[in-house]
Amino acid sequence: MKAKRIVSLMLAFSMAVGLTACGGEAGGKAEKEDGKVSITVFSEWVGAHPYAKYFAERVESFEEAHPEIDVNVEEIAGSTTANMDAKLKVQVSSGELPDVFYTNDQSIIDLAKKSNLLYDFKDKLDADAELKDELDMEDIASWNEGSDQVYGICSHKDFFGFFYNKEILKAAGYEKFPESWDELYDLCEKLKGDGVAAMALETKTAWYSSLTLLAALASGSEKGQEMAKTVGLTDYNTPEFIEAASQLQKMFMEYSTTDAPGSDISVALNNFTSDKTAIVLDGAWRIAELTEAMGDKVGEAYLPGKGAVSYPGYAWFSGSKDEKTAAASYEFIKWFNNKEDQAIRLEQLGLIPASANIDYESLELSPLMMEILEMKDDVNYTVSSCWRVYPAAVTAIIPQELAALGTGQSTPEQFAENLTKASN
């Protein structure tokens with residue numbers, strides 16, 4: 001990567017020394033002496049991250065196409081979004097965001113909007129018919145809910161259901177994945193009798209468990225489906241949510257591994273790839289990793305009742321404070337959202353494009369990915385990402401609340417009450 005690298009390896013230290021230190025590379029600098037515009041980009045897609053090669057190549061190609069722009073990449077250490085999200089929250093608190101960053105976390109954007117820290121790209125996007133034609137404007141509107149502005153630009157939609165171990169299911173007498181929750185629980189009981197844990201769950205990352213919770217919530221009623229797609233849900237004290245929490249607790253206590261409460265996503269994923277569990281609810285971006293570890297014994301299935309997890313993917317934002325830097329930031333964001341990039345991300349990363357103009361047949365896609373692309377056009381209901389459903393206060397407490405639910409230290413009613421109290 002030709003871009004200047006600003007390595008942020010000591011996140012905990014930067015948080016401890018105070019907010020002013022954290023704002024050092026953020027906020028957009030003016031034109032340099034050589035006439036170039038410099039932008040700072042936060043990214044954890046570096047080092048050993050699965051997206052590192054893609055990101056480095058795209059940054060390099062951007063700088064070749066835009067020699068008038070210097071890109072300074074501040075590398076956020078960590079293979080998950082946790083460090084990146086923590087860094088962004090500190091930057092919001094300091095009143096300084098970088099020229100370019102991306103996130104999946106709606107709560108961070110809500111905080112940034114309240115502090116008026118985001119650049120509005122509406123005029124630039126309205127004038128850019130070429131890019132606009134490759135985006136899903138409903139997804140754009142979703143990321144910018146509650147305003148007429150365009151703060152975030154996204155160009156892929158996450159869509160997925162359950163991954164399952166075909167060999168484990170076949171040994172249990174199942175040639176295909178169950179189509180209803182009753183059938184799924186029958187499978188869980190059968191696997192339990194065979195000494196196999198059905199569900200890969202965890203609480204520390206809170207991803208698998210939260211998605212399974214939302215899937216159970218959506219399956220019960222139309223109200224449950226509505227709640228499972230609500231951005232910033234604040235009322236969890238409903239019969240639908242409490243019933244879903246009861247189902248999740250049952251999965252923890254009867255149909256998952258004993259290490260599920262308190263473990264993180266790496267443990268749960270390893271349990272699935274090492275045949276210790278039969279089912280995991282995770283994204284299409286995981287296909288390459290799963291097939292490398294498990295070969296062709298990985299299958300993909302709808303959520304019971306022909307449902308799926310579906311929501312706008314991560315969006316790109318800018319904290320630039322002057323027009324020249326904002327214009328350069330927009331060009332960078334456009335580079336990472338155009339038709340070419342969407343095709344590259346689908347092929348290399350397993351991220352489903354927003355553009356309707358991409359020829360899937362011309363790309364090298366796995367059979368599992370082709371199956372998911374077919375599934376997305378034939379679905380009865382969807383649930384959103386937990387990071388869009390949970391407001392910031394719930395995101396902060398959900399790991400310990402899930403662990404308490406999973407170990408039986410709290411009841412489903414207490415779980416719902418605690419989330420509601422945190423939200424209000």
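The values are calculated or read from the model by the stated rules, or taken from the named source; none is laboratory data. Given the structure is predicted, the values throughout are model-derived calculations rather than measurements. In this analysis, Cβ positions are derived from the backbone assuming ideal geometry, glycine residues included, and neighbour counts consider all displayed protein chains.
Only one entry of Gln414, Gln348 meets the criterion of being among the polar types (S, T, N, Q), part of a helix (DSSP H, G or I) and either farther than 28 Å from Asp264 by Cα or under 23 Å from the mean Cα position of the chain (by Cα) (or both), and that entry is Gln348. When we screen Thr273, Thr258, Thr212 for residues that are surrounded by fewer than 17 Cβ atoms within 10 Å (Cβ to Cβ) and among the hydroxyl-bearing types (Ser, Thr, Tyr), the only hit is Thr258. Say whether the condition of being over 23 Å from Gly299 (Cβ atoms), part of a loop (DSSP other than H, G, I, E, B), out of contact with any Phe, Trp or Tyr (no Cβ under 7 Å at 6 or more places or on another chain) and of a type outside the set (Val, Ile, Thr) is met by at least one residue in segment 199-207. The answer is yes; a qualifying residue exists. Inspect all residues belonging to segment 312-332 and state whether any of them is out of contact with any helix residue (DSSP H, G or I) (no Cβ under 9 Å at 6 or more places or on another chain), modelled with pLDDT of 95 or more and closer than 14 Å to Ile153 by Cβ. The answer is yes, given that some residue of segment 312-332 is out of contact with any helix residue (DSSP H, G or I) (no Cβ under 9 Å at 6 or more places or on another chain), modelled with pLDDT of 95 or more and closer than 14 Å to Ile153 by Cβ. Counting the residues of segment 311-324 that are part of a loop (DSSP other than H, G, I, E, B) and either more than 30 Å from Val389 (Cβ to Cβ) or free of Cβ contacts under 8 Å to residues at least 24 places away in the same chain (or both) gives 2.
Only one of the listed residues (Glu202, Glu179, Glu175) is in contact (Cβ under 8 Å) with a residue 40 or more places away in the chain and surrounded by fewer than 21 Cβ atoms within 10 Å (Cβ to Cβ). That residue is Glu179. No other residue among Ala278, Ala268, Ala326, Ala301 is buried (at least 16 other Cβ atoms within 10 Å of the Cβ), outside the structural domain of Asn72 (by TED's automatic domain parsing), in contact with a Gly (Cβ under 8 Å, 6 or more places away or on another chain) and aliphatic (A, V, I, L, M) apart from Ala301. Taking the conditions (1) more than 22 Å from the chain's Cα centre (by Cα); (2) closer than 21 Å to Trp181 by Cβ; (3) surrounded by fewer than 23 Cβ atoms within 10 Å (Cβ to Cβ) in turn, Asp235 satisfies each one other than (2). Listed by first and then second residue, the pairs with beta-carbon distance under 6 Å, at least 6 apart or on different chains, first residue in segment 325-338 and in contact (Cβ under 8 Å) with a residue 24 or more places away in the chain, second in a helix (DSSP H, G or I), are Tyr330/Lys124; Lys334/Leu131; Trp335/Phe62. If I go through segment 367-411 residue by residue, how many of them are in the same structural domain as Leu217 (by TED's automatic domain parsing), surrounded by fewer than 18 Cβ atoms within 10 Å (Cβ to Cβ) and assigned to a loop (DSSP other than H, G, I, E, B)? Final tally of qualifying residues: 3.
For every residue, the table says whether it meets (1) among the acidic types (Asp, Glu); (2) modelled with pLDDT under 95; (3) more than 19 Å from the chain's Cα centre (by Cα).
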| residue | (1), (2), (3) |
| --- | --- |
| Ala30 | no, yes, yes |
| His49 | no, yes, no |
| Tyr54 | no, no, no |
| Ser61 | no, no, yes |
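Filtering segment 205-226 to residues that are in contact with a helix residue (DSSP H, G or I) (Cβ under 7 Å, 6 or more places away or on another chain) and free of Cβ contacts under 8 Å to residues at least 24 places away in the same chain leaves Ser221, Lys223, Gly224.
Looking at this structure, is Ser219 of a type in the set (S, T, N, Q) and at pLDDT 95 or above? So Ser219 fails the test. Report yes if Ala215 is under 26 Å from Gly299 (Cα atoms), in a strand (DSSP E or B), in contact with a strand residue (DSSP E or B) (Cβ under 8 Å, 6 or more places away or on another chain) and not acidic (Asp, Glu), otherwise no. Against the criterion (under 26 Å from Gly299 (Cα atoms), in a strand (DSSP E or B), in contact with a strand residue (DSSP E or B) (Cβ under 8 Å, 6 or more places away or on another chain) and not acidic (Asp, Glu)), Ala215 does not qualify. Checking the stated criteria, Val37 turns out to be at pLDDT 95 or above and under 24 Å from Lys321 (Cα atoms).
Within segment 407-424, residues that are over 13 Å from Ala244 (Cα atoms) sit with their Cβ atoms under 6 Å from residues that are small (Gly, Ala, Ser) and modelled with pLDDT of 95 or more, at 6+ positions apart or across chains, in these pairs: Ser410/Ala404.
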